[in-house]
Amino acid sequence: MGGAICALGQVLLDTSKLSPPHMLVAFVVAGAILSGLGIYDKLVDFAGAGALIPVSGFGHSIARGSLMEAQRLGVVGLFTGALEFTGLGVTTAVFFGTVIALAATPKP
Amino acid sequence: MVSPGAKKQKADERAKYQRLATSIVPKPPLVRNAIVAFVVGGLICMVGQGVMNVFTSRGMSQDEAVAPTLATMILIGAVLTGLSAYHPIGEFAGAGAAIPITGFANTVVAAAMDFKREGYILGMGAKMFIIAGPVLVYGILSGVLVALIRWLYRG
């Protein structure tokens, strides 16, 4: 499943004029929309990490966290819940990014 | 003042050049690229599933295991980037390396490493999310909008 998502992204890159960042944004938005339609949950049930690790899973997690907290807290939850599941990804990326940037220098 | 005739001729030449250029630029090997992206992306997700299985076998539920799995994958991507090993994978596999969360980690760590020389605040601090930023911005925007619509719709 994860492979299929990546292959789809690659075909998109090769056949359109999208740059990689554009393609990543398209996937994260697509993940959020599929999540809203209830489709992405089924993909996760079916494929586990294969659906969560691609960047579309990131969009899905934001929509899911936001909806979950909205049902619990109301409007405020929309905003507090957005990074419920993905805050971890952002935080670890910043943390490890800093540690490794301090330790390593890019090879020319 | 340039005469309109000369301007038109220039535009014509430019269009001709564009056509020539697009006819010469090699077409990307679509099938080969898609297969490589499929295999590498699939392998990365398989590693992720393996990590997740380790966590669930220690008594975590599927939901609880997601967070530590993603954190582990980010750590793997970050370390590979620090060793300058992720770039060749990306060159080889394209979207197969960019779409998984390890690629997200790679863009953040690579930017942090590259811009360190511009200073820690305005370089590393400001530009760490130079590639990952749009993903966050539009991910959050679309995620919140989708959640809002569903929440209003279902109550």
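Coordinate-derived values only; no laboratory data. In this text, all values refer to a predicted model and were calculated from it rather than measured experimentally. FYI the Cβ positions are ideal-geometry reconstructions off the backbone, even for glycines, and counts take in every protein chain you see.
Three principal axis extents of segment A:1-51 based on alpha-carbon atoms, in descending order, are 32, 21, 13 Å. Given springs between every Cα pair under 10 Å in a Gaussian network model of chain B, which of B:PRO100, B:PRO88, B:PRO29 has the largest fluctuation? Of B:PRO100, B:PRO88, B:PRO29, the Gaussian network model singles out B:PRO29 as fluctuating most. Between B:LEU30, B:LEU43, B:LEU122, the residue with the greatest mean-square fluctuation in the GNM of chain B (Cα pairs under 10 Å linked by springs) is B:LEU30. Where only DSSP H runs of four or more residues are counted, chain B gives -26000 deg cm²/dmol as its mean residue ellipticity at 222 nm, each run worth -39500 (n - 2.57). Taking every Cα-Cα distance in the protein assembly as shown and sorting them into 10 Å bins starting at zero, the pair-distance distribution P(r) comes out as 7, 27, 31, 19, 9, 5, 1, 0 percent. When shorter helices are ignored and each DSSP H run of at least 4 residues is given -39500 (n - 2.57), the per-residue value for chain A at 222 nm works out to -25000 deg cm²/dmol. At 1.002 mPa s and 20 °C, plugging the Kirkwood radius over alpha-carbon pairs of segment B:27-155 into Stokes-Einstein gives what diffusion coefficient in µm²/s? Stokes-Einstein gives a translational diffusion coefficient of 129 µm²/s. Could you pull out the pairs from B:LYS10/B:LYS127; B:LYS7/B:LYS127; A:LYS17/B:LYS127; A:LYS42/B:LYS116; A:LYS17/B:LYS16 whose alpha carbons sit more than 30 Å apart here? Beyond 30 Å between Cα atoms: B:LYS10/B:LYS127; B:LYS7/B:LYS127; A:LYS42/B:LYS116. Peptide A:59-65 has a mean shielding of 6, counted as Cβ atoms of other protein chains within 10 Å of each residue's Cβ. Compute a Gaussian network model of chain B, connecting alpha carbons closer than 10 Å, and tell me which residue from B:ILE131, B:ILE76, B:ILE24 fluctuates the most. Answer for the Gaussian network model of chain B: B:ILE24. Using the Karplus relation 6.51 cos²θ - 1.76 cosθ + 1.60 with θ = phi - 60°, the per-residue 3J(HN,Hα) values for segment B:69-78 come to 5, 4, 4, 5, 5, 5, 4, 4, x, 5 Hz, with x marking Gly and Pro. The mean of 1/r over all distinct Cα pairs in segment A:66-107, once inverted, gives the Kirkwood hydrodynamic radius of 11.9 Å. Placing dummy labels 7 Å off each Cα toward the beta-carbon, the span from B:ALA21 to A:VAL99 is 4.5 nm.
Dividing the C-alpha radius of gyration of segment A:2-103 by 2.2 N^0.38 Å, with N its residue count, gives 1.19.
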